[in-house]
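Down below is the structure, laid out as structure tokens.
The values are calculated or read from the model by the stated rules, or taken from the named source; none is laboratory data. What you see is a predicted model; the values in this text were computed from it and never measured. No Cβ is skipped: glycine too gets one built from the backbone with ideal geometry, and neighbour counts run over all protein chains shown.
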Amino acid sequence: MASAATFLEQLRQTRVWKSIFRRGPALTNRTRSLAVFGNLFLHFLPVKVREKSLRARATYYLGSFSFLLFLTLVITGVLLMFYYHPAIPQAYRDMKDLRFVVSSGVFLRNLHRLGAHLMVIAVFAHMFHVFYRGGYKPPHEFNWVVGVILLLVTLFLSYTGYLLPWDQLAFWAITVGTNIISAMPVIGNRVKFLVLGGHVVGENALLRFYVLHCVVLPLVAVLLVGIHFWRVQKDGGLTVKSEDDRKE
């Protein structure tokens, strides 16, 4: 028991533990108060904020812009699901119907497609900006890891959505991508088989990419965005590195 307690205490002193859990167990009046103040549902906004963190800059809204694009993609994606069947060859026919039959179908599809491209660019720009501002340093390192995972989820969302139109461009792009995956040592072929549901890009792959793109990855993104926003509020703003702030 003593060794287990010692190990747990050493674990709580590590940098990884402190980056994830902002305080220790609520055993005293002070730690209980801190737990209440840090509760998401009781205190969503911090008690105090630095005046510098309220200054609006051109890069300040990159995260909000990325989130707005994500909401746009969710709304347009739900509307597109009304006209789409993840089956061969119906998927390609549905894309043609969106273009020639459905009212404003071209606008809806292009809005979703361009929004996806812009979201990838915005998330990359947001990550570069946070890195330049030192957002990976304590106490923001856990939120930085969450942001990196969100970047990967964004890329996976873009990649899985690429196959859904089921045209020549989508088919061969996924074929090349999965062949690159199969080049990984030891597990490459197994991962490729798991992703495609077989050895070739077929109906199993289309169904799996549809489920990942429309259900699994959006739910993961919503969960991580909630954690990301909460930690932004609780950990405070980034360190300002402009010339005006250095003079202060």
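Quick notes on this one:
- Test: L169 is modelled with pLDDT under 95, under 22 Å from L108 (Cα atoms) and among the aliphatic types (A, V, I, L, M): yes
- Residues in segment 121-141 that are of a type outside the set (A, V, I, L, M), surrounded by 19 or more Cβ atoms within 10 Å (Cβ to Cβ) and assigned to a helix (DSSP H, G or I): H126 only.
Okay, residues lined up against (1) at pLDDT below 95; (2) closer than 30 Å to L71 by Cα:
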| residue | (1), (2) |
| --- | --- |
| M184 | yes, no |
| I187 | yes, no |
| V215 | no, yes |
| L219 | no, yes |
| G226 | yes, yes |
| W230 | yes, yes |
| T239 | yes, yes |
| R246 | yes, no |
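- Every condition in (1) among the hydrophobic types (A, V, I, L, M, F, W, C); (2) free of Cβ contacts under 8 Å to residues at least 12 places away in the same chain; (3) assigned to a helix (DSSP H, G or I) holds for M184 except the one numbered (3).
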